[in-house]
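I have placed the structure first, in the form of structure tokens, so that the comments after it can refer back to it.
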Amino acid sequence: MDRPAPLIAKAPNEIWSWDITYMKGPIRGQFYYLYLFMDIFSRKIVGHEVFELESMELSAEIVDKICKMEKIKKDKLYFTLIMVDQ
């Protein structure tokens, strides 16, 4: 199977990379999820949120919120997901 071609952003807010990181809370058995979105071109963290659960609905809400803050249309973005298991 061939590797996909690398994504190359030519301007800010063309490609965002995102990840959800599992974090321990201050109390035993308590965990949180850090949702982090980064612009590939500028390496700017365009948005982040911490939640007690992981869901696609929350991801979609964050993307909508960031698009409004960055004043861009969601359909103009390309997303890539970072998958790193620790």
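Okay, residues lined up against (1) outside any loop (DSSP other than H, G, I, E, B); (2) touching a helix residue (DSSP H, G or I) at 6+ places or on another chain (Cβ under 9 Å); (3) at pLDDT 90 or above:
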| position | (1), (2), (3) |
| --- | --- |
| D2 | no, no, no |
| A5 | no, no, no |
| A9 | no, no, no |
| Y22 | yes, no, yes |
| R28 | no, no, yes |
| F37 | yes, yes, yes |
| F41 | no, no, yes |
| E49 | yes, yes, yes |
- Query: List pairs: first in segment 1-29 and more than 13 Å from D39 (Cβ to Cβ), second in a loop (DSSP other than H, G, I, E, B) and at pLDDT below 90, Cβ under 6 Å, 6+ apart or cross-chain?
  - Reply: D19/I82
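Could you tell me which of the residues I62, I72, I66 is over 13 Å from the mean Cα position of the chain (by Cα), surrounded by 14 or more Cβ atoms within 10 Å (Cβ to Cβ) and not small (G, A, S)?
Working: I62 fails: over 13 Å from the mean Cα position of the chain (by Cα); I66 fails: over 13 Å from the mean Cα position of the chain (by Cα).
It is I72.
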- Do you know which of the residues in segment 8-44 that are over 17 Å from K74 (Cβ atoms) and touching a His at 6+ places or on another chain (Cβ under 7 Å) is surrounded by the fewest Cβ atoms within 10 Å (Cβ to Cβ)? L34
- Positions within segment 34-57 being in contact with a strand residue (DSSP E or B) (Cβ under 9 Å, 6 or more places away or on another chain) and basic (K, R), in sequence order: K44
- Restricting the first residue to segment 49-63 and requiring it to be within 14 Å of F37 (Cα to Cα), which pairs with a second residue that is of a type in the set (S, T, Y) and surrounded by 12 or more Cβ atoms within 10 Å (Cβ to Cβ) meet a Cβ separation below 8 Å and a spacing of at least six or different chains? E49/Y35; V50/Y32; V50/Y33; V50/Y35; L58/Y35; S59/Y35; I62/Y35
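The values are calculated or read from the model by the stated rules, or taken from the named source; none is laboratory data. Nothing here was measured: the structure is a model prediction, and the numbers come from that model. Neighbour counts are summed over all protein chains in view; Cβ atoms, including those assigned to glycine, are modelled from backbone coordinates with ideal geometry.
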